[in-house]
Amino acid sequence: MADRTVADRRELERALRAEVRGGVDFSPGARALTTMDASNYRRVPDGVVAPYDAADVAAALAVCRAHGVPVVPRGAGTSIAGQATGTGVVLDFTRHMRSVVSVDPEARTAVVQPGAVLDRLRDEAGRHGLTFGPDPSTHSRCTLGGMIGNNACGSHSVAWGRPRTTSTSCPW
């Protein structure tokens, strides 16, 4: 369904609204806000979904799969290579899924939602004398889901690791 008609988009929006508890926005404004990231790429999505939780993500994915519509997960849009843009449906994790759920200083692990900002995790980990090593220049606004998806690591990655290596074993 590469070239969706207005009727196709309306049906997709209706189906998403029926299944997703979070926000579903196919307005020109919502679409325009997610058309770009920090790169030069511009891709206009069909709509934006702001899931409340993992169940909402699964519901949105099921609807999009049934409609043959691509899905683009999006954090803060700090990507410089266009990864946070795309056609289809953008899943905006920054509205509802942005918590640092827990930090376990004994295990040196953290549970975070994909829209959690890196500095928020660092603040929470810092209370236990810990940190999260990767340090992209956008640390005050980039999200952990975006970092892991893009392997964003910053200038100290040689010493402190990258998100792909740290997503399963954190070098606190």
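The values are calculated or read from the model by the stated rules, or taken from the named source; none is laboratory data. Since this is a predicted model, take the numbers as computed values, not measurements. Quick reminder, even Gly has a Cβ in these numbers, built from the backbone with ideal geometry, and neighbours come from all protein chains shown. SASA here: full protein model, heavy atoms, side chains in, ligands and nucleic acids out. Shrake-Rupley method; radii C 1.70, N 1.55, O 1.52, S 1.80 Å.
For Val44 paired with Val158, estimate the spin-label separation in nm (one decimal), with each label point 7 Å from Cα along the Cα-to-Cβ line.
4.6
Have a look at the stretch 17-114 and give its Rg and Dmax from the Cα atoms, expressed in angstrom.
Just the Cα atoms of the stretch 17-114 yield Rg and Dmax of 14.5, 47 Å.
For the stretch 56-74 and the stretch 81-105, compute the distance between their C-alpha centroids and round to whole Å.
14
log10 I(q)/I(0), Debye, Cα-only the stretch 18-74, no solvent, q = 0.16, 0.19, 0.28 Å⁻¹?
Here the Debye-derived log intensity ratios amount to -0.50, -0.70, -1.22.
Mind checking which of Leu12, Leu118, Leu130 has the largest fluctuation in a GNM of the chain, springs on alpha carbons under 10 Å?
Leu130
How far is it, in nm, from the label point at Ala55 to the one at Ala32 when both lie 7 Å from their Cα along the line to the Cβ?
For the pair Ala55/Ala32, the computed spacing is 3.6 nm.
In the chain, which helices (entire DSSP H runs) extend 18 Å or more along their own long axis, judged by Cα positions, while averaging at least 1.0 on the Kyte-Doolittle scale? Don't skip to the answer; put the middle values down first.
Working: long enough: 6-19 (20 Å, -1.06); 54-67 (20 Å, 1.15).
The qualifying helices are 54-67.
Determine, at each q value in 0.08, 0.20 (inverse angstroms), the log₁₀ of I(q)/I(0) that the Debye formula gives when each Cα of the chain is one equal point scatterer.
-0.26, -1.22
When the chain is fully extended, how far beyond the present Cα-Cα distance does Asn151 get from Arg17, taking 0.36 nm per residue of separation?
Numbers: separation 134, 0.36 × 134 = 48.24 nm, distance 3.22 nm.
Full extension from Asn151 to Arg17 adds 45.0 nm.
Given the stretch 67-157, report the % of alpha carbon pairs whose separation exceeds 18 Å. It would help to have the intermediate numbers written out before the result.
Values: 1853 of 4095 pairs.
Summing the P(r) tail past 18 Å for the stretch 67-157 gives 45 percent.
Tell me, what is the Rg over Rh of the stretch 72-119, with Rh the Kirkwood radius over Cα pairs?
Rg/Rh for the stretch 72-119 comes to 1.09.
With contacts defined as alpha carbon pairs under 8 Å and 6 or more residues apart, what's the relative contact order of the stretch 1-85 in percent? Intermediate values should be presented prior to the final figure.
Working: 116 pairs, mean separation 30.4, N = 85.
This gives 36 percent for the stretch 1-85.
Percent of accessible area on the chain owned by carbon and sulfur, 1.4 Å probe? Before the final figure, lay out each step's value.
Details: 4660 of 8900 Å².
Carbon plus sulfur share of accessible area: 52 percent.
Could you do me a favour and compute the accessible area per residue for the stretch 34-93, 1.4 Å probe, result in Å²? Mind dumping the intermediate values first?
Working: 2440 Å² over 60 residues.
Per residue, the stretch 34-93 has an accessible area of 41 Å².
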